[in-house]
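The values are calculated or read from the model by the stated rules, or taken from the named source; none is laboratory data. Computed from a prediction, not measured in an experiment: that's the story for all the values here. Cβ: placed from backbone, ideal geometry, glycine included. Neighbour counts: every protein chain shown.
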Amino acid sequence: MSSSHSGLPQPLSARRGKPLSGHVKLPGDKSISHRAMIFGLLSVGETMVEGLLEGDDVLRTAAACRALGATIERLGEGHWRVRGVGIGGLRSPDEILDFGNAGTGSRLMMGVVGGHDITATFDGDASLRKRPMRRILDPLVEMGVQVISQAEGGRCPITIKGAADPLPITYSTPVASAQIKSAILLAGLNSPGRTTVIETEATRDHTEKMLTYFGATVKVAPEGHDGRRIELEGRPELKPRPIMVPRDPSSAAFPMVAALIVPGSDILIEGVMMNPLRTGLLTTLLEMGASIEIVNPRYEGGEDVADLRVRASNLKGVDVPAPRAPSMIDEYPVLAVAASFATGETRMRGLNELRVKESDRLQAVADGLAEAGVTYAIEGDDLIVQGMNGAVPGGGGVVATHLDHRIAMSFLVMGMATDKPMTVDDERMIATSFPSFVSLMRGLGADYYA
């Protein structure tokens, strides 16, 4: 598979255009798309997946599942068939598992491999090689996984030998991370006992929901003020189930904020996942005074979904509490854009996790705001954005994306409402999570040009 980052950078600019209008059909949720492939691999039989996100990240996870023994076919757009080999049935891959830019795919798959008596090497692009993996490896080592080799600081490339009988452990996660929790639970699937993960702050719960959906016994209970205790009984027989992938709330963030800041806009975003552990941005925008109407709520594929009608709005600055961060960790860059157009100050608290995303996302956001002439401050792990009090940010800058798809999309959204156009230095990595982003936004009325 070719890297989405090979070749020359492709800058893209956005300038102010007409009001946005139309219906938006987003790609499938990235978190659930990764897990659909993984649970298909770990079930015996045929799992049918509808609405899969066909971005580079998810296709890397699919390739890794193939390398571990699954038979995977694409039947049509978003429509895939996975024939799994079941827990305990995985084989050692012949080649390095190259995850490109996929932090979620690589970390979850470390848990899968860690629960089996096989050896695999994990690698990725320059961005993935910078991301911390010790937080995943530490609990896996407690379960009996051997780290054969690793780059400095526990980074990729990493070779691990999984455990034939993973030890059932009780593990308190040091940071709020669904990826750590999921890796431990996936390794615990092949453990001869009960694996327990304790979170001080609840994180997205797709892994627990899908474990239950595929037939595992999982108990979830409150723990402390904001936390959860998750207990998994090892060695279930997972049964293949059809999966309807809901539409990605992290992708919905971009047209949603664009419609709020481009005067006169009125759009409908269809079928967005409304899992409360993923709707932090929606909650925050409503607090800011956004005109967002939740229409036709319903239940699809194990998740709550709804349509969102979004109209241009006068936003006001708010204080975003730190405990909300896990439910919107990927949406802070585009929230910072919305905050630039608000009246008053927006303070986003507790953003330390943004420093270890695809880029140092906190610094990348700050640098982008500076390019647009927006006043901001970073105090510890807080980002403070001074809204322009009804005026429009000047724009005119070139934003360094650092191979980060969410930085690229956020500042392309910003350029749709600034006085002067905004340019991102490279748009190619947008394909990792949202391949149709540029065409979809143009369809609503965005003026993007190379």
From the list Ala377, Ala446, Ala391, which one is within 14 Å of Arg16 (Cα to Cα) and either surrounded by 17 or more Cβ atoms within 10 Å (Cβ to Cβ) or without any contact (Cβ under 8 Å) to a residue 12 or more places away in the chain (or both)?
Ala446
Residue satisfying condition, being touching a residue at least 60 places away in the same chain (Cβ under 8 Å) and among the β-branched types (Val, Ile, Thr), within set Val305, Val356:
Val356
Name the residue that is nearest to Val24 (Cα to Cα), counting only residues in region 266-303 that are in a loop (DSSP other than H, G, I, E, B) and under 22 Å from the mean Cα position of the chain (by Cα).
Met274
Would you confirm whether or not region 171-178 contains a residue that is in contact (Cβ under 8 Å) with a residue 40 or more places away in the chain and in contact with a Leu (Cβ under 9 Å, 6 or more places away or on another chain)?
yes
Is there a residue being modelled with pLDDT of 95 or more, assigned by TED's automatic domain parsing to the domain that holds Ala253 and closer than 30 Å to Met48 by Cα anywhere in region 308-320?
yes
Checking the structure you have, find out if any residue of region 61-70 is touching a residue at least 60 places away in the same chain (Cβ under 8 Å), over 25 Å from Phe254 (Cα atoms), surrounded by 23 or more Cβ atoms within 10 Å (Cβ to Cβ) and not assigned by TED's automatic domain parsing to the domain that holds Gly445.
no
Before we move on, is Gly111 within 29 Å of Leu403 (Cα to Cα), in contact (Cβ under 8 Å) with a residue 60 or more places away in the chain and either acidic (Asp, Glu) or in contact with a Leu (Cβ under 6 Å, 6 or more places away or on another chain) (or both)?
yes
Counting only strands (runs of 3 or more DSSP E) entirely within region 12-83, those with at least 2 residues that are over 18 Å from His116 (Cβ atoms) and in contact with an Asp or Glu (Cβ under 7 Å, 6 or more places away or on another chain) are 12-15, 21-25
What's the number of the only condition in (1) within 26 Å of Met441 (Cβ to Cβ); (2) under 19 Å from the mean Cα position of the chain (by Cα); (3) buried (at least 24 other Cβ atoms within 10 Å of the Cβ) that Leu20 fails to meet?
(2)
Within region 337-361, restricting to residues that are assigned to a loop (DSSP other than H, G, I, E, B) and farther than 19 Å from Ala102 by Cβ, the one that is nearest to the chain's Cα centre (by Cα) is Leu351
Hits in region 71-127 - residues which are polar (S, T, N, Q) and either closer than 17 Å to His34 by Cα or surrounded by 19 or more Cβ atoms within 10 Å (Cβ to Cβ) (or both):
Thr71, Asn101, Thr104, Ser106, Ser127
Among the residues of region 170-201, how many are β-branched (Val, Ile, Thr), over 17 Å from Leu108 (Cα atoms) and buried (at least 16 other Cβ atoms within 10 Å of the Cβ)?
2
